[in-house]
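Notes for the one structure printed next.
The values are calculated or read from the model by the stated rules, or taken from the named source; none is laboratory data. Just so you know, these numbers come straight off a predicted model, no measurement behind them. Cβ atoms come from the backbone with ideal geometry, glycine included; neighbour counts cover every protein chain shown. All accessible areas refer to the heavy atoms of the entire protein, side chains included, with ligands and DNA or RNA removed. Shrake-Rupley method; radii C 1.70, N 1.55, O 1.52, S 1.80 Å.
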Amino acid sequence: MSQYDKNPPLLEADALPDPLAQFARWMSEAEAAGLIEPTAMTLATVNGAGQPSARMVLFKGLHEGAFTFYTNYKSRKGLELSHQPKVSLLFWWDQLQRQIRIEGRAQRLSREMSEQYFHARPRASQLSAMTSRQSQVVATRDELDARYKANEQRLEGQPVPHVEFWGGFGVKPELMEFWQGRRDRLHDRLLYRRDKSSWKIERLEP
């Protein structure tokens, strides 16, 4: 059985008072650790019938205190976020034996910000975003590839236009929990809960 003993304890005296600053510290350490994809995070949404679904997305930075990511607004997650903006995010860094759990509300980023990010992506990724009818059934892979090729040929030598159905969301945290693995399964869990204009830190039992 693995022991969780790679890092120092997570103690209240060492935790930063602002959870976003604490997140930035841990993210910097995750990036320095050489993980394959330290910015990967689980996004959990719920549909109108109360059915939850979860998938991995890529964290694209903090903007005005919100965790940002980009997607097709007509995808399953995009439609569920439009129906119910309450979401949960999860970062898991196995080599550091750490996780961060976040609960909050999602809202669309401005069209200007989404367009700016869209055009900063590699051209092939822009064409893929235009081509994919994300979450819809496609008969064959050949059909998808043919649609991509048609868009590539049609726009040869031209900039790829930003499509309105693709853009970003920002999740404003209302709760953030930092989990640090400890020996004998007595893990450290510090919960930051928003209290009006500040944050309250509580320790949870493992």
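A few comments on the model shown:
- Rolling a 1.4 Å probe over the protein chains gives SER198 an accessible area of about 60 Å².
- Most mobile of LEU20, LEU109, LEU35 in a GNM of the chain (Cα contacts under 10 Å): LEU35
- Computed from backbone phi with θ = phi - 60° and the Karplus coefficients 6.51, -1.76 and 1.60, the 3J(HN,Hα) list for the stretch 26-41 is 5, 5, 4, 5, 5, 5, 6, 7, x, 5, 4, 8, x, 8, 5, 9 Hz; x is used for glycine and proline.
- For the chain, accessible area per residue (1.4 Å probe, heavy atoms of protein chains only), Å²: 57
- Relative frequency of Cα-Cα separations exceeding 30 Å in the chain, percent: 32
- Annotation note: GluC sites (Glu not before Pro) in the stretch 121-206 located in DSSP loop regions with a Cβ neighbour count of at most 16 within 10 Å are GLU156, GLU164.
- Only lysines eight or more places from LYS196 in sequence, or on another chain, were considered; those with a Cα closer than 23 Å are LYS86, LYS172.
- Centre-to-centre, using Cα atoms only, the stretch 101-143 and the stretch 1-30 are separated by 32 Å.
- Highest-MSF residue in the chain out of LEU190, LEU144, LEU81 [GNM, Cα springs under 10 Å]: LEU144
- Taking the 1.4 Å solvent-accessible surface of the chain as the whole, the part contributed by carbon and sulfur is 50%.
- Around TYR117: net Lys/Arg minus Asp/Glu count, Cβ-Cβ under 12 Å: +1
- For the stretch 103-206, the spread of Cα positions along each principal axis, largest first, Å: 57, 35, 23
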